[in-house]
Amino acid sequence: MSLDAWITLAVLAAMVGALITGRVSPPTGVIGASGFLYVIGVTTADEAFSGFANTAPITVAGLYVLAGAVDKTGALEPVVSRLLGAPGRVRRDLTRLVVPSAFGSAFLANTPIVAMLTPAVTRWADDKHRSASTFLIPLSYATILGGAVTAIGTSTNLVASGLLADAGMGELGLFELARIGLPLAAVGLIVIVVLAPVVLPQRRRPREPQSGRAFSVAMNVEADGPIDGLSVEDAGLRQLRGVYLVEIDRSGQVIAPVRPGQTIRGGDRLVFAGRVDDIVDLHGMSGLIAADPDAVDVLENRKHSGFFEVVLGQSSPLVGRTAAEMEFRSRYQGAILAIHRSGHQVNDKLGTVRLRAGDTLLVVAERGFRVRWRDSGEFLLVSRLDADMPPATNQSIWAVGALMLVVLLPILDVMSVTRATILAAILVVAAGIMRPREARDAVDLNVVLMIGGAFGLGQAVSVSGLGENVADGLMSGFGWGGAFGTVVGVVVATMVLTELITNAAAVALIFPIAIDVAERSSLDPRLLVMGAAVAGSASFLTPVGYQTNTMVYGPGGYRFTDYLRLGVPMSLLTVVMVSSLVTAMS
């Protein structure tokens, strides 16, 4: 390999290592690596920053605006109501959930679909005495499959389309990916419906606080209050619904287990564990006050405060820091009441806990918290616990109409997907459906910037000669299987990179390698890139490889290994089907 190829490989390895250890967020890692390769002369300015002149980032931004308009107007609310009706057999309920979700994600970014459905599915499962963990991973996987069907289904597809256009092969047609994505989605949904009830554990059982998504929260006993001096049983703390008293901290002396006859004194710190809805109810009990002074301040005016669940993504500024370091109270006008992490509640002092991607926080904040932060990129999911889903407004038809323009105009060959997306985004703002500030806030700039930076990494792989070296390695390593084996190598490499460095960056890196592989074999380069794009979205193995997986991690009460239970069969299916389809059509 050339010196530039070795340097590029070293920089990429350092970036992957930093991402795995959580030292940097994906946007920082990708843009930083691309910028460093430019600074040391591996790439030119045109090559390093080519992504920001490409149509992919602006198209993704436009789709975020449209998704924000659909969410704001409640256009999906009637669909959600129909999906979550009276419960039947588990597989029938799964089918009723995953099929429409997959269809919707083919035309709308899957993150707002999962964001809207996750709290609704969780409430429905609790009310119907079902485990939400049976439904939430299938929901995420279904939207991933649906997004692989069209060119606008995911940012990964748009990156592949932009790269093909830059290479002189033309953008992807709206339904061109359906040749590979639609058969995969159809078979994948069947696998989900058949296997999910068998392989996914019931992590969250209603009325059982010891299992599933249990939170722990600390409350102080009010001095001279109504329960000061009473026993645990007489105070009504023995038979709380969905909540149990774990321990009493009395001036540093911990009393555990807590017996029914134990006397409670003013100033005692009581630690409870239980379901999130019932934990919230504790804050309305007479004689108990929140242990966190910030929470007390927010709760003083209950008319203007509410309870929220938020899920942290990899790019959240809270990841790796404590609430105290982030000055959570002043930044978010709220306080953290409890943390749920990887199937377990966190019992440490909340202000000192270093937060991680996938953590679910129970937050008390001003009622405008969800509107202010749901599209900020600070949190993947912001769910209001004490309010119903907002009803559809009379503007919802116009939001759906704008989205349909993105579908119909390219089909009728009136304009490209990019132009149709920009036109639709302009229309929803001009019509007053989204105010300019709302449209700006709806765009996840972290994703847009990361896509722009990913193009520079792809260029570095190409111009340094690293792509040719990797292509030679794939040809020799997988040559035993002929064309099929070669495609398997590309697909597997893309899926591994997706779990390590996000899907958009994975496709940008694999693009020059796929082109070199196709030139050395009988494969159609366009089809091979399409196969890599579909594989790039197929993140089924971890909760952090894809945003929707992270969004359902905490609400489902999952553990990290739960994703492997259904993810391994889904990944194997993807490798076999994508490789077979690309080989057969080449």
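The values are calculated or read from the model by the stated rules, or taken from the named source; none is laboratory data. Note that the structure is a prediction, hence the values are computed from the model and not measured. Positions of Cβ are backbone-derived with ideal geometry, glycine not excepted, and every protein chain shown enters the neighbour counts.
Would you say Leu573 is surrounded by fewer than 24 Cβ atoms within 10 Å (Cβ to Cβ), in contact with a Gly (Cβ under 8 Å, 6 or more places away or on another chain) and either of a type outside the set (Gly, Ala, Ser) or part of a helix (DSSP H, G or I) (or both)?
Values: surrounded by fewer than 24 Cβ atoms within 10 Å (Cβ to Cβ): yes; in contact with a Gly (Cβ under 8 Å, 6 or more places away or on another chain): yes; either of a type outside the set (Gly, Ala, Ser) or part of a helix (DSSP H, G or I) (or both): yes.
Spelling it out, Leu573 is indeed surrounded by fewer than 24 Cβ atoms within 10 Å (Cβ to Cβ), in contact with a Gly (Cβ under 8 Å, 6 or more places away or on another chain) and either of a type outside the set (Gly, Ala, Ser) or part of a helix (DSSP H, G or I) (or both).
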Would you be able to tell me the number of residues in the stretch 304-325 that are buried (at least 18 other Cβ atoms within 10 Å of the Cβ) and not acidic (Asp, Glu)? 13
Residue that is closer than 21 Å to Val346 by Cβ and among the small types (Gly, Ala, Ser), where the choices are Gly557, Gly536: Gly557
Scanning the stretch 247-284 for residues that are in a strand (DSSP E or B) and β-branched (Val, Ile, Thr) gives Ile248, Val254, Ile255, Thr263, Val271
Failed condition for Ala132, given (1) closer than 14 Å to Val99 by Cα; (2) of a type outside the set (S, T, N, Q); (3) crowded, with 19+ Cβ neighbours inside 10 Å: (1)
Checked against (1) out of contact with any helix residue (DSSP H, G or I) (no Cβ under 7 Å at 6 or more places or on another chain); (2) in a loop (DSSP other than H, G, I, E, B); (3) surrounded by fewer than 17 Cβ atoms within 10 Å (Cβ to Cβ), Arg241 satisfies every condition except (1)
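Under 19 Å from Leu527 (Cβ atoms), out of contact with any Phe, Trp or Tyr (no Cβ under 6 Å at 6 or more places or on another chain) and at pLDDT below 90: is that true of Gly212 in this structure?
On the way: under 19 Å from Leu527 (Cβ atoms): no; out of contact with any Phe, Trp or Tyr (no Cβ under 6 Å at 6 or more places or on another chain): yes; at pLDDT below 90: yes.
Spelling it out, it is not the case that Gly212 is under 19 Å from Leu527 (Cβ atoms), out of contact with any Phe, Trp or Tyr (no Cβ under 6 Å at 6 or more places or on another chain) and at pLDDT below 90.
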Name the residue that is surrounded by the most Cβ atoms within 10 Å (Cβ to Cβ), counting only residues in the stretch 285-303 that are in a loop (DSSP other than H, G, I, E, B) and either at pLDDT below 75 or in contact with a strand residue (DSSP E or B) (Cβ under 9 Å, 6 or more places away or on another chain) (or both). Asp292
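Okay, residues lined up against (1) modelled with pLDDT of 95 or more; (2) on the phi < 0 side of the Ramachandran plot; (3) touching a helix residue (DSSP H, G or I) at 6+ places or on another chain (Cβ under 6 Å); (4) crowded, with 21+ Cβ neighbours inside 10 Å:
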residue: Pro525; (1), (2), (3), (4): no, yes, yes, no
residue: Ser537; (1), (2), (3), (4): no, yes, yes, yes
residue: Tyr553; (1), (2), (3), (4): no, yes, no, yes
residue: Leu564; (1), (2), (3), (4): no, yes, no, no
residue: Ser586; (1), (2), (3), (4): no, yes, yes, no
List every residue pair whose Cβ atoms sit under 8 Å apart, with the two residues 6 or more apart in sequence or on different chains, where the first one lies in the stretch 445-473 and is acidic (Asp, Glu) and the second, anywhere, is part of a helix (DSSP H, G or I). Glu468/Asp516
What single numbered condition from (1) surrounded by fewer than 24 Cβ atoms within 10 Å (Cβ to Cβ); (2) part of a helix (DSSP H, G or I) fails to hold for Val24? (2)
Odd one out for Tyr553, checked against (1) within 26 Å of Leu19 (Cα to Cα); (2) of a type in the set (Phe, Trp, Tyr); (3) in contact with a Ser or Thr (Cβ under 6 Å, 6 or more places away or on another chain): (3)
Of all residues in the stretch 518-560 being closer than 24 Å to Ala115 by Cα and among the aliphatic types (A, V, I, L, M), which is nearest to the chain's Cα centre (by Cα)? Met551
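Condition test on Ser105, is it under 29 Å from Ile451 (Cα atoms), surrounded by 24 or more Cβ atoms within 10 Å (Cβ to Cβ), touching a helix residue (DSSP H, G or I) at 6+ places or on another chain (Cβ under 8 Å) and polar (S, T, N, Q)?
yes
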Among helices (runs of 4 or more DSSP H) completely within the stretch 89-188, the ones holding 3 or more residues that are small (Gly, Ala, Ser) and under 29 Å from Val463 (Cβ atoms) are 155-166
Any chance the stretch 1-8 includes a residue that's over 26 Å from Asp444 (Cα atoms) and free of Cβ contacts under 8 Å to residues at least 40 places away in the same chain? yes
If Tyr546 satisfies every condition in (1) buried (at least 19 other Cβ atoms within 10 Å of the Cβ); (2) closer than 30 Å to Leu312 by Cβ; (3) touching a Lys or Arg at 6+ places or on another chain (Cβ under 8 Å) but one, which is the exception? (3)
